[in-house]
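In what follows, a single structure is set out as structure tokens and then discussed.
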Amino acid sequence: MRFEETALKGAWLVAPEPICDERGFFARSFCVEEFAAHGLETAFVQHSLSFSHKRHTLRGLHFQRAPHAEAKIVSCIQGAIFDVIVDLRPGSSTRGRWAAFELTDVNRLQLYIPKGFAHGHQTLSDDCTVAYLISAFHVPAAAAGIRYDDPALDIDWPARPSILSEKDRQWPAFEPAAVA
């Protein structure tokens, strides 16, 4: 696996290194030793999937409040997504900044998202399946989010959402003191 740190410290793109032959390929998508060597979380207690039927469906921006904050490894195993993270960490030099990555079933990139980030994605194709490795159990009382269209963040989404849940529509704007 190749690890490439993003502009938001602690977040990484992880690319498989396939071993190819006439059958196709084999590649590792996770290795405790390699993730630990980069100082990344290695214990993932939940493995989840999301499926979206329609192109431009938007999910997010979600996070769990401390002490239930979660690290994630996200990959798109069917279709393509525009994956967005926002640094919410107090004291971070990139707090309030966002970064986006195209994850597809063709490029097979994974995004490692450390604790303290909000996360969301917009589908770039119909019938998208996204896989998540999550380091903490879901705690409904700790679930939170920020508005995907907050002018203070000014995220450059690829398109106006075709589908957006009412819950995601109602998240508050980013307020640095409120999301610590």
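General remarks:
- Residue order, fewest to most surrounding Cβ atoms within 10 angstrom, among Cys20, Cys31: Cys20, Cys31
- Shape category assigned to the chain from the gyration tensor of Cα positions, a/c cut at 1.5: oblate
- Rounded to whole numbers, the Karplus 3J(HN,Hα) couplings from phi for the range 168-175 are 5, 5, 9, 4, x, 5, 5, 10 Hz, using 6.51 cos²θ - 1.76 cosθ + 1.60 with θ = phi - 60°, and x at Gly and Pro.
- A straight Cα-to-Cα reach below 16 Å connects Lys9 with the lysines Lys72, Lys115, residues fewer than 8 places away in its own chain not being considered.
- Positive-end residue, the range 2-169 charge dipole about Cα centroid, Cβ charges, pick of Thr129, Thr94, Pro158: Thr94
- Loop-located trypsin sites (Lys or Arg not before Pro) across the range 72-117 with a Cβ neighbour count of 16 or fewer within 10 Å are Arg97, with loop assigned by DSSP.
- Cβ-placed point charges (K, R +1; D, E -1), dipole of the chain about Cα centre in debye, nearest 20: 460
- Counting neighbouring Cβ atoms within 10 Å and putting the fewest first, the residues Asp83, Asp105, Asp168 line up as Asp105, Asp168, Asp83.
- Going by neighbour counts of Cβ atoms within 10 Å, the residues Ser135, Ser162 line up, fewest first, as Ser162, Ser135.
Computed from the coordinates by the stated procedures, all read-outs in this text should not be read as laboratory data. This is a predicted model, so every value here is computed, not measured. Glycine gets a Cβ as well: all are built from the backbone with ideal geometry, and neighbour counts include every protein chain shown.
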